[in-house]
1. At most 16 other Cβ atoms within 10 Å and a DSSP loop assignment: could you name the GluC sites (Glu not before Pro) in region 116-223 that fit?
2. Within region 151-218, report the trypsin sites (Lys or Arg not before Pro) that DSSP leaves as loop and that have at most 11 other Cβ atoms within 10 Å.
3. Spin-label point model (7 Å from Cα, Cβ direction): what's the Ala170 to Asp301 distance in nm?
4. Quick one: compute the contact order of the chain, relative version, from alpha carbon pairs under 8 angstrom and 6+ residues apart, as a percent.
5. Just how large is the dipole of the chain about the Cα centre, in debye to the nearest 20, putting +1 at every Lys and Arg Cβ and -1 at every Asp and Glu Cβ?
6. Estimate the FRET efficiency between Thr32 and Arg119 by the formula 1/(1 + (r/R0)^6), using the beta-carbon distance for r and 41 Å for R0, to the nearest 0.05.
7. To the nearest 0.05, what FRET efficiency results for Leu96 and Glu236 with a Förster distance of 22 Å applied to their C-beta separation?
8. Give the distance, in whole Å, between the Cα centre of region 93-157 and the Cα centre of region 34-88.
Amino acid sequence: MMRLLSTGELRRGKRLDALVARALELGWARQTSRASHVAITDAGRSDLEALLCRIWPGWREARADLLAAELALDPRGLRTLRDRARIERGPALPSLANRRTVAAAVAEHTKVQLSAEQRAAVEAVRTTRDGVVRLRTPSGMRLRVGQAELGLALWMDSVGEVALPERAVAAIEVLEPPRAVLTVENLAAFVDLPAPPGVAVVYVPGWDTRLAVRLLRALASTPRLHFGDLDPAGVEILAHLRRELGPTAWFVPPCWRPYARTHALPTGTPWAALPPDAPQWVRTELVERARWLEQEPLLLDDALGPALDAATNEL
């Protein structure tokens, strides 16, 4: 309405069709010689000005601010104007902060997607999600975080795993690496599988790979083996890890094959192309039958430990 009153016309569009139709119905606008444009009438000018003054007393000031900032007289322009005002009166930002803290400083609320104006205002801030990466480390593995050197044996002996916050992962140097890394997709497999000697087990929860990948890049020279569900998503996650990290072996042991007859489930999504190292039985007994296997039933199989030992020894 402000644009119609200020410019004297409106151009039809998907977002404005209902408004244009209403303005024509009320006699506030008339059709011009251009089919896509309507123009304000004298009655419309009077009625619209009275309506805006009643429902939005500050519309004239807002219009002046939009014109001074060379912004469009529309909701997008108003949002940009509000963004700029919020940024100008906001607090000074640190060089490192959680993304919600940053959003609270420049946006309407912490879960909003930042606009271009807001992103430009915080581009110098390194933002974090502050997640945690979980791993089970072998005896002797040591890390340097900043200036501190950390042995991980006490953590493992005390609580059974090591949890590293994102801000620590960003500053990690591995002093004594494991002989191999085993990444696992599901939590039950992470906590319950028998870890081979000298192997670090890293929890990579489904598609939430960002923080685990950052840790694994600090172990770039250490051979990797991935163990996930035998399903379309599991294959795509493996492909993603290979793109991010390079060569990564795929753990599909022969002892898993009998489960295709007893535990296979219908797939809800089509299988993607299998990688070249996929065993033939995965294609014939799962892909071609539109079936998949969870990894958890294998956890209590006595053959899993020896299969993991053999696979990590071959890396």
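Bear in mind these aren't lab numbers, they're just calculated from the coordinates by the rules spelled out. Just so you know, these numbers come straight off a predicted model, no measurement behind them. Counting neighbours? That spans all protein chains shown, and the Cβs are built from the backbone with ideal geometry, glycine included.
1. Glu123, Glu161
2. Loop-located and lightly packed - none at all.
3. With each label point 7 Å from Cα toward Cβ, the separation is 4.2 nm.
4. The value is 11 percent.
5. In debye, rounded to 20, the chain gives about 1460.
6. 0.55
7. Computed FRET efficiency for Leu96 and Glu236 comes out at 0.10.
8. That distance is 41 Å.
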